[in-house]
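Student: Let me begin by handing over the structure; questions about it come next.
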Amino acid sequence: MYRSQKLALKYLTAAIVLFGVMTVAGLLTSIYYIRSDFLLNVLNFNTAKILHIDTLIIWILMGFLGSIYWFLPLEMEREVAGIGLAEVLFWVFCAAVTIVAVVFIVVQYGGGNEFSLWFINQGRKYVEAPRWAAIGIALVLAVFIYNIIATSLKARRVTGITGVLIADMVPLFVLYFDAFAAPTDMSIDLFWWWWLVHLWVEATWEILIACIMAWTLMHLLHSSRRIIENWLYVEVALVLGTGILGLGHHYFWIGTPSYWLAIGGFFSALEPLPLLGMVIHAIYDAGTQHMRVTNKPAFYWTLAEAFGNFIGAGVWGFMMTLPQINLFSHGTQWTVSHAHFAFWGAYACGVLAVLYLVLEQARGAEEMDGAAWKWSFALLNTGLFGMVGGLLVAGMAQAFYGRAIGGSTLSAFLSLQHQPWYTEGLWTRMIFGLVFAGGYVVLIFDLLNIGKRPAIARERVQQAAAS
Amino acid sequence: MTPQALIFSSLLLGAFVLLAGLYGLFYSIGTLRGARYLITAAYGCWVLQFLVTLSIIMLTPLGSGWKILIVASCLVYLRIPPVTWRHLRQLHGLHEGGRLNIR
Amino acid sequence: MYTQDPAFWRAGAISSTAVMFIVLIVLTIDSLDAIRPGGSHVPPYDVINQKIGYRFDSVRNEDVPTISGEDRLFNRHYTKAEAARLLSKGKLVIQSRACMDCHTFFGNGAYYAPDLTKAWLDPIWTAWGPMYGAKRRDEAMVDFLMHSDRFPLGNRIMPNLGISEDEAKAVVAYLKWMSAVDANGFPAGFLSASAR
């Protein structure tokens with residue numbers, strides 16, 4: 001096993017641990033909606049929420065790093081250049097995440113000054129981590145990019161996949177500089193913030209996961225490189241062709257000119273089209289392989305990725321993206337419903353698929369199957385759908401009563417808290433969150449055990465033969 | 001837009017894309033299995049999507065630009081599954097022999 | 001067939017990305033000019049000295065902020081420089097207390113607590129003012145921010161974030177400025193709905 005692959009296993013382990021933290025924090029946040037004075041002044045909603053959304057970003061990012069550290073040496077047929085540095089930075093990354101989380105929980109808030117931004121909490125969504133930690137993350141990303149480019153140079157090889165990956169890394173890294181900004185003007189702040197958030201999760205991350213899925217499909221289905229590369233370029237063309245100006249769907253209401261309503265709405269409405277292509281492609285692959293894959297969980301999580309992406313990002317997004325609808329749905333639980341579904345379908349399922357593939361290779365398993373992965377697959381997806389469904393009902397109620405009827409005043413907000421559709425939607429979310437958490441527990445059990453038995457059985461046979 | 005129109009319009013828009021997905025799903029599985037009833041179901045879904053499109057045009061207060069976009073999208077969605085499938089078949093047909101040794 | 005050649009799609013990917021990105025850059029340059037303080041959509045910081053309103057514009061077919069006359073904040077006039085300093089402080093307070101992780105600003109942030117885009121204009125400050133002896137809107141808001149956990153609102157309550165009086169004033173000034181930003185009609189019907 002290459003050193004890079006050993007590092008990959010560390011990153012993937014850390015990713016799954018943070019997935020658990022994210023789930024616990026998520027359950028915590030759901031309680032405040034039921035009881036507003038829960039842990040009041042001890043651990044407020046915003047601290048729990050920060051833990052929830054920041055671990056979301058970090059676990060998926062670590063999943064990406066782990067996946068790429070796993071596949072890159074196989075692609076380049078050599079050890080990753082600068083791997084020693086990357087190994088050190090993994091621990092720096094983990095330490096930074098831990099310290100930041102502890103400070104969030106224990107110190108919580110500083111005064112309205114620069115010191116708070118440097119050492120406690122920057123208070124900008126997803127990038128609340130203080131600047132010192134943001135420097136650490138930037139460093140990790142910089143070394144990661146160096147690893148990819150240097151390995152490619154040393155191997156004197158740039159494959160289609162690595163070419164796309166390297167091209168994607170540059171904007172991904174540059175965009176992260178917005179994590180340090182703190183402009184006074186909120187419109188300017190949000191303008192650049194959306195460059196980071198949208199062009200990460202709806203552009204550069206889409207390309208990243210596409211590269212990872214390209215390698216996954218090559219290993220899982222033994223597809224030819226030429227076919228995979230063709231598909232990868234098509235996806236880049238369509239995703240970036242719609243997604244770059246799809247950024248405009250975040251510029252409807254932040255004080256920017258009104259032409260964004262037309263531009264953002266138009267490109268945003270086109271975004272589901274490539275996602276349908278991906279669903280068809282997934283079915284084609286499933287069908288032509290006659291479902292004869294040896295790694296069942298990896299395959300099913302890949303299917304879940306295609307379908308989840310289409311429904312969560314495509315269907316749910318289209319329901320709320322046109323400006324006339326969005327005027328009322330913007331910033332409600334409807335948004336939360338879409339966000340959970342889209343992140344799940346677009347990224348979480350993909351990382352889980354890769355995780356199972358990596359485990360198969362790491363354990364030398366002949367077959368990856370069993371009951372546990374099916375239970376975790378069922379519980380996680382059921383939990384997620386239930387959460388998303390509850391949030392959609394609550395969100396539509398909020399848009400209907402709080403916004404369209406009530407005009408978004410504080411009084412309308414307070415009346416909303418007693419609307420049955422709203423409250424029951426939020427209870428549903430919490431209950432299905434527990435189902436999801438149950439699925440996570442089974443997932444951990446499965447990840448620890450799957451694929452080990454044939455190896456153990458082989459060992460026993462060898463031992464018996466030897467004695 | 002009235003509150004009722006808000007919910008009604010958004011549900012129609014969601015149904016619009018969902019039916020496109022169902023069309024693609026049934027078309028693909030039907031083509032794989034050579035099952036005519038699934039292909040028929042697929043086109044049935046597209047017809048439903050078209051009816052949803054008509055509902056959006058006639059029953060929602062969305063702007064005319066958006067209605068035109070939705071009609072155009074509906075027609076494009078009709079072509080996506082067959083075009084994608086043909087492209088995939090041609091792609092795999094030409095390069096089926098090219099397996100990469102990745103271990 | 002050329003569609004089977006990855007090079008064709010690579011060229012497509014590069015060109016579509018490049019074209020879209022160039023269009024984005026052009027629109028960004030135009031938008032940044034509109035959203036700087038004093039731009040077409042965003043008022044200068046010393047708007048905090050003026051009266052802010054929000055009314056339905058039948059030509060634009062949406063709600064539009066209005067800026068008129070004088071309406072002193074905290075009983076004093078702020079120069080441009082003083083207003084800029086005050087709002088800069090306000091933004092730092094908002095970030096340091098992670099307000100956006102409970103509330104939304106222009107609908108962005110967390111969805112647990114109310115949207116604050118038009119919080120300055122909310123009818124509740126004048127309606128409830130007499131309940132806790134505040135005379136003016138700005139006083140009421142400062143009072144609330146400094147002692148938020150003493151004012152339960154229905155079944156909801158805001159925690160005490162240790163906001164000092166100076167910090168609270170900075171935040172209130174910030175919210176006043178923000179309520180004058182032209183957000184293309186968001187939130188819809190803010191004052192007209194509550195008048196029903």
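Only the coordinates and a few stated rules stand behind these numbers; no lab work does. Computed from a predicted structure; not experimentally measured. Glycine gets a Cβ as well: all are built from the backbone with ideal geometry, and neighbour counts include every protein chain shown.
Student: Under 24 Å Cα-Cα from residue A:452, which lysines qualify once same-chain neighbours fewer than 8 residues away are excluded?
Tutor: A:6, A:10, A:296, A:374
Student: If I histogram all Cα-Cα distances within chain A using bins 10 Å wide from 0, what percent of pairs lands in each bin?
Tutor: Over chain A, the share of Cα pairs per 10 Å bin runs 4, 19, 30, 29, 13, 4, 1, 0, 0 percent.
Student: Turning to a different aspect of this structure: Compute the angle between helix C:6-35 and the longest alpha-carbon principal axis of chain C, please, reported from 0 to 90 degrees and rounded to the nearest 10.
Tutor: Helix C:6-35 and the main axis of chain C meet at about 30 degrees.
Student: Test of understanding: in a Gaussian network model of chain C with alpha carbons linked when under 10 Å, which of C:69, C:107, C:129 would top the mean-square fluctuation ranking?
Tutor: C:69
Student: Considering region C:79-123, what Rg and Dmax in Å follow from its alpha-carbon atoms?
Tutor: 12.0, 36
Student: For residue C:62, enumerate residues with amide H under 5 Å from its amide H, sequence gap 5+ or separate chain, H modeled in the peptide plane.
Tutor: Long-range HN contacts for residue C:62: C:57.
Student: Any idea what angle helix A:349-363 forms with the longest principal axis of chain A, computed on alpha-carbon atoms, 0 to 90 degrees, nearest 10?
Tutor: 20 degrees
Student: Across peptide B:8-17, what mean number of C-beta atoms from other chains lies inside 10 Å of a residue's C-beta? If you can, show how the numbers build up before the last one.
Tutor: Details: counts 0, 4, 14, 2, 1, 9, 9, 3, 4, 13.
The per-residue average across the peptide is 6.
Student: What would the Debye equation give as log₁₀ I(q)/I(0) for chain B at q = 0.16 Å⁻¹, counting only Cα atoms as equal point scatterers?
Tutor: -0.75
Student: Provide a whole-number value for the mean count of partner chain Cβ atoms within 10 Å of the Cβ atoms in peptide A:113-126. Spell out each step's value before the answer.
Tutor: Working: counts 6, 2, 2, 6, 3, 0, 0, 2, 5, 3, 12, 7, 7, 1.
Counting other chains' Cβ atoms within 10 Å and averaging over A:113-126 gives 4.
Student: Let me ask you something else. Measure nothing but the geometry: give the 0 to 90° angle between the long axis through the Cα atoms of A:45-76 and the longest principal axis through the Cα atoms of chain A, rounded to 10°.
Tutor: Long axis of A:45-76 versus the principal axis of chain A: about 30 degrees.
Student: In whole Å, what are the Cα extents of region A:1-182 along the three principal axes, biggest one first?
Tutor: Per principal axis, max minus min of the Cα coordinates gives 60, 31, 25 Å.
Student: Let me ask you something else. Quick one: among C:91, C:135, C:80, which has the greatest mean-square fluctuation in a GNM of chain C with alpha-carbon springs under 10 angstrom?
Tutor: The residue with the greatest mean-square fluctuation here is C:135.
Student: Another question, then. Go through region A:307-313 residue by residue and turn each phi into a ³J(HN,Hα) via Karplus (6.51, -1.76, 1.60, θ = phi - 60°); whole Hz please, and just put x for glycine and proline.
Tutor: 6, x, 4, 5, 6, x, 8
Student: Which value results when the Cα radius of gyration for region C:141-196 is divided by 2.2 N^0.38 Å?
Tutor: Details: Rg = 14.1 Å, N = 56, 2.2 N^0.38 = 10.2 Å.
This ratio for region C:141-196 stands at 1.39.
Student: Can you tell me which of C:105, C:151, C:21 moves the most in a GNM of chain C? Springs connect C-alpha atoms under 10 Å apart.
Tutor: C:21
Student: Hey, another quick one. Classify region C:45-195 from the C-alpha gyration tensor, please: rounded if a/c falls under 1.5, else prolate or oblate depending on whether a/b exceeds b/c.
Tutor: rounded
Student: On to the next question. Considering every residue in A:243-254, what mean count of other chain Cβ atoms within 10 Å of its Cβ is obtained?
Tutor: Numbers: counts 2, 9, 6, 1, 4, 3, 0, 3, 5, 6, 11, 13.
Mean partner shielding for this stretch: 5.
Student: Same structure, new question: So which of C:89/C:135; A:125/C:89; B:67/C:118; B:67/C:91 end up more than 29 Å apart, counting from Cα to Cα? Don't jump to the answer; show the numbers that get you there.
Tutor: Working: C:89/C:135 25 Å; A:125/C:89 19 Å; B:67/C:118 32 Å; B:67/C:91 41 Å.
The answer is B:67/C:118; B:67/C:91.
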